[in-house]
Amino acid sequence: MSNTTAKAAKLLVLLVEAEALVAETRKAETRTAKAAERAAARVHKQRAVHAEAGKEFNKAERAGKGVVAAARKATRQWEKLKSLQDAAKAAKVEATVARRAARAATRRLDRLSLRAGIAAARTVEKISQRLGETSLTPVAETDAILAADEIPTVEEIELHASRYATLDRQAKDTAKAADAEKAWLRTLPVGMYGRVVITRTPGRSVLDGTQVALDYTARGLTAPRKATRTTFKCDATTLLADLADVVETADDLGVTLVA
């Protein structure tokens, strides 16, 4: 295992642990926040009770009746209020600690995610490089070139070239006509038209070469390429022009050419 792969594997392990820690701290944050809210609500409620007890004490003091009992009640409510306030303060501190822990765990997860992503990308890059060096893709086809002593005569080459040029032109004209007919038929909706059935099936997905190139460019890299088969061209324009002149001359002279 290379150092790059080992580092990526180690970071992935740390990433899994960090994700678990984030989930745990977020649960603790939610739990302590709710506890702090409940404690604050109890304090708010007890303040109202304590205020009511204070009013009763003042009323009893003005009337000169039940002052001791009202004082004891006001004291108990005050002590309860102080106890609830202390509990609410502790709950708030615990919620703050949990919230900070959750944020710290999230920041650590983000840092590990970035580092793990970079390490994984480098690992994949090295693996792709090794695979490319082993030449898993087939080598581009090459033409079977005749040896010098096997090259046919010029007349035979010109004959094949003229046939190729004629057939190639006919094939292109036929392909254009077929494309035009296909374009007309594609305007029809799916259905049966006499003995003709029009159907449409979903196309297959292909690799988005443009997006791949953009992703590599964004990383400052060059998109991988592989060689294709060499382009072959046979230019028989001069030959066909000469043959056309010969045919035209023969027509003028009334001569019949025999191939």
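Close contacts from the range 214-239, counting a first residue that is loosely packed, with under 11 Cβ neighbours inside 10 Å and a second that is among the aliphatic types (A, V, I, L, M) and assigned to a loop (DSSP other than H, G, I, E, B), with Cβ to Cβ under 6 Å and a gap of 6+ residues or different chains, come to Ala227/Ala140; Thr228/Ala140; Arg229/Ala140.
Go through the range 1-23 and give me each residue that's part of a helix (DSSP H, G or I) and in contact (Cβ under 8 Å) with a residue 12 or more places away in the chain. Within the range 1-23, Thr4, Thr5, Lys7, Ala8, Leu11, Leu12, Leu14, Leu15, Ala18, Glu19, Leu21, Val22 qualify.
Output the residues belonging to the range 61-75 that are among the charged types (D, E, K, R) and either outside the structural domain of Val49 (by TED's automatic domain parsing) or without any contact (Cβ under 8 Å) to a residue 12 or more places away in the chain (or both). Across the range 61-75, the qualifying residues are Glu61, Arg62, Lys65, Arg72. Among the residues examined, Asp86 does not qualify as acidic (Asp, Glu), within 30 Å of Ala6 (Cβ to Cβ) and in the same structural domain as Ala35 (by TED's automatic domain parsing).
The values are calculated or read from the model by the stated rules, or taken from the named source; none is laboratory data. Model, not experiment: these values are computed from the prediction. No Cβ is skipped: glycine too gets one built from the backbone with ideal geometry, and neighbour counts run over all protein chains shown.
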